[in-house]
Amino acid sequence: MAISMQDIKELRELTGAGLMEVKKALEAANGDKDEAVKAIRLAGKKSLAKREDRSTANGLVMAKVVDTDQGQAGVMLEMNSETDFVGKSPKFVAAAEEILQALVDSAVSTREELLEAKCGEGTVQDKVEEIGALFSEHIVLGKVTRVEGEAVTSYLHYSSADLPAQVGVLVATDKAGEEVAHDIALHVAAYSPRFIDREEVPQEELDKERETLREMTIKEGKPEKIVDKIVEGRMGSFYKDNCLLDQDFAKDPKQTVGQIVKAAGGKVTAFARFHVGS
């Protein structure tokens, strides 16, 4: 059966496969487009098995905020590809949007749960494999989160005009805190805090940091009787590096984020930050 250029064009648009790959698939399927598509996708999946150990440091971050009975919920995901060429392609972005909607609809909060959630005619896992086969790249669903609060604000940072968002932030606040939530989200994107405040830091991590600082202080020859005082003073730097409310506010370094939130009469109740590939 003769294979027309129109048939080849249609299947290339549908699958994203190369001209010769589509032509061979159509010839092997005697012109049956459905069978040709199945063959192309099967070949793509076989190719993926050989790519599973390849780095996936490119891709995108997406986020969405929806209303709930209790206030609002923000969902965010990271989807990774081997190359930025695939990561910015319309079909990759469209697949990520479908998965983001599946995250909203399923109300799950972990990557494992999301992979099993319904997406189109299959699951999110099926969609990830489908897009991987389409591009013959190792595609990975990365980090996933759900943040809830009285109010939730999202922010996406674009590091390059020709790439999708590479950093995403969700900030949950009470109603009063919503006034400054956007500026705080920008701050989180830039300064990468790990905790809201000092109370959130695990005791084990605090003990480890204090021990490290203590050893360093003793090696400097400081008198034993003032070592503990010096250590506690130096812990301030640790808190500034890691605790959101202790950090100097990005838009006004003369004030801390905590002071900005307090002035608004609000409270930060949760936040999340994703950076593609990290």
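Points worth noting:
- Taking a ≥ b ≥ c as the square roots of the eigenvalues of the Cα gyration tensor, an a/c ratio of 1.5 or more together with a/b no larger than b/c marks the range 67-180 as oblate.
- Per-peptide average of other Cβ atoms within 10 Å, ordering 203-210, 57-64, 88-95, 106-113 highest first: 57-64, 88-95, 106-113, 203-210
- When each of 23/143; 24/118; 9/91; 64/88 is checked by Cα-Cα distance, pairs over 27 Å: 23/143; 24/118
- Helix axis angle, 5-15 relative to the chain longest principal axis, alpha carbon, degrees: 30 degrees
- Close amide-amide hydrogen proximity is noted between residue 143 and 78, each under 5 Å apart and 5 or more residues distant or on a separate chain (H modeled in the peptide plane; Pro and chain starts excluded).
- Per-residue Karplus couplings for the range 154-161, computed as 6.51 cos²θ - 1.76 cosθ + 1.60 with θ equal to phi - 60°, are listed in order as 10, 8, 10, 10, 9, 7, 8, 5 Hz, Gly and Pro entered as x.
- Gained length - residue 57 relative to residue 159, 0.36 nm times residue gap less alpha-carbon distance: 35.3 nm
- Degrees between helix 203-219 axis and first principal axis of the chain (Cα, 0 to 90, nearest 10): 60 degrees
- Global form of the range 168-207, assessed from the alpha-carbon gyration tensor, a/c cut-off 1.5: oblate
- Projecting the Cα positions of 256, 277, 242 onto the charge dipole of the range 223-278 (unit charges on Cβ atoms of Lys, Arg, Asp and Glu, taken about the Cα centre) puts 256 furthest along the positive direction.
- Rg followed by Dmax, in Å, when the range 202-242 is reduced to its Cα trace: 10.2, 29
- Calculated FRET value between residue 237 and residue 179, using beta carbons and R₀ = 41 Å, to 0.05: 0.90
- Highest to lowest packing among 177-186, 159-168, scored as the average C-beta count within 10 Å: 177-186, 159-168
- Ellipticity estimate at 222 nm from DSSP helix runs (n ≥ 4, -39,500 (n - 2.57)) divided over the chain, nearest 500: -15000 deg cm²/dmol
- Taking a ≥ b ≥ c as the square roots of the eigenvalues of the Cα gyration tensor, the range 133-278 is oblate, since a/c reaches 1.5 or more and a/b is not larger than b/c.
- C-alpha long axis of helix 224-242 to longest principal axis of the chain, angle in °: 40 degrees
Read-outs: derived from the displayed coordinates by stated rules, not from any lab. Computed from a predicted structure; not experimentally measured. Cβ atoms come from the backbone with ideal geometry, glycine included; neighbour counts cover every protein chain shown.
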